[in-house]
Amino acid sequence: MSHDKIEGKGNLSVRRLNRILTRLLAEMKDLSDEGRDLPIRWNIMHMYSSSQLAKLLAMRRGIDPELAGIAAALHDLGVVMTKKHEDHAEAGEKYVHAFLEKYNLKLGAKLPPVTQEEIGQIVRAIVDHSKKEIYSSDVFVELLKDVDSLDGYLHGVKAEGGRLERCHRVLKELGVEG
């Protein structure tokens, strides 16, 4: 995307995403590390950096960047709530629904709600994001799998199997040889 295209569009609309990130941080920052597979600070870092990568990759792929950022911000809510990585994608479904319903109730008239259609799209991507070796025709699901793989890699998590394959493919898509 050229500089002219960015200037011509003005600001990226991410008001809902920014409010969601703020609410997530407020709810997560004081959680204890006791009994967790990973420290809560890891989840907070991963939430923010995944959200940024999701917006960038979504813009490249012609997907709504704000919606992609929201899905990425929420994709490991199952880990945060259960404290465990095992089966966190499936476990996240109920927590994501509850979080977004609460968000919609509290936003009032200030921001547009996250629609039921958007919630469905977000939840579908979150539930499937751990299945890195499986490719689907759902571009939104694939975006979240790619973002999670690349973000982990950029944080120094060893990429193997489907994660490694996705990292190589996305880096090539972005014009970066990794």
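Bear in mind these aren't lab numbers, they're just calculated from the coordinates by the rules spelled out. All figures in this text were calculated on a predicted structure; none of them were measured in a lab. Here the Cβ is made from the backbone with ideal geometry for all residues, glycine too, and neighbour counts use every protein chain on show.
Summing charges over all other residues whose Cβ lies under 10 Å from the Cβ of residue 88, with Lys and Arg as +1 and Asp and Glu as -1, gives -3. Among 50, 137, sorting on how many other beta-carbon atoms sit within 10 Å of each Cβ, with the fewest leading, yields 137, 50.
How large is the helix-only mean residue ellipticity at 222 nm for the chain, computed as the sum of -39500 (n - 2.57) over DSSP H runs with n ≥ 4, divided by its residue count, in deg cm²/dmol to the nearest 500? Mean residue ellipticity, 222 nm, calculated: -21500 deg cm²/dmol.
Counting only Cβ charges, +1 for Lys and Arg and -1 for Asp and Glu, the dipole size of the chain around its Cα centre is about 520 debye.
Pairwise inverse Cα distances across the chain, averaged and inverted, put the Kirkwood hydrodynamic radius at 16.6 Å.
So which trypsin sites (Lys or Arg not before Pro) in the range 125-178 end up in coil per DSSP with only 14 or fewer other C-beta atoms within 10 Å? Don't skip to the end; give the middle numbers.
Numbers: sites: 131, 132, 145, 158, 163, 166, 169, 172; in loops: 131, 132, 158.
Filter output for the range 125-178: 131, 158.
3J(HN,Hα) couplings calculated from phi for the range 128-140 with the Karplus curve 6.51 cos²θ - 1.76 cosθ + 1.60 (θ = phi - 60°) are, in sequence order, 9, 5, 7, 8, 5, 7, 9, 9, 10, 8, 7, 5, 6 Hz; Gly and Pro show x. With the charge dipole of the range 3-173 set up from +1 on Lys and Arg Cβ and -1 on Asp and Glu Cβ about the Cα centre, the Cα lying farthest toward the positive end among the listed residues 125, 74, 89 is that of 74. Restricting the range 92-178 to GluC sites (Glu not before Pro) that sit in a DSSP loop and have at most 12 other Cβ atoms within 10 Å of their own Cβ leaves 133, 160, 177. Of 20, 119, the sequence from fewest to most neighbouring Cβ atoms within 10 angstrom is 119, 20. Taking θ as phi - 60° and the Karplus parameters 6.51, -1.76 and 1.60, the scalar couplings of the range 22-30 work out to 4, 5, 4, 4, 4, 7, 9, 4, 9 Hz in sequence order, x denoting glycine and proline. Loop-located trypsin sites (Lys or Arg not before Pro) across the range 20-100 with a Cβ neighbour count of 13 or fewer within 10 Å are 29, with loop assigned by DSSP.
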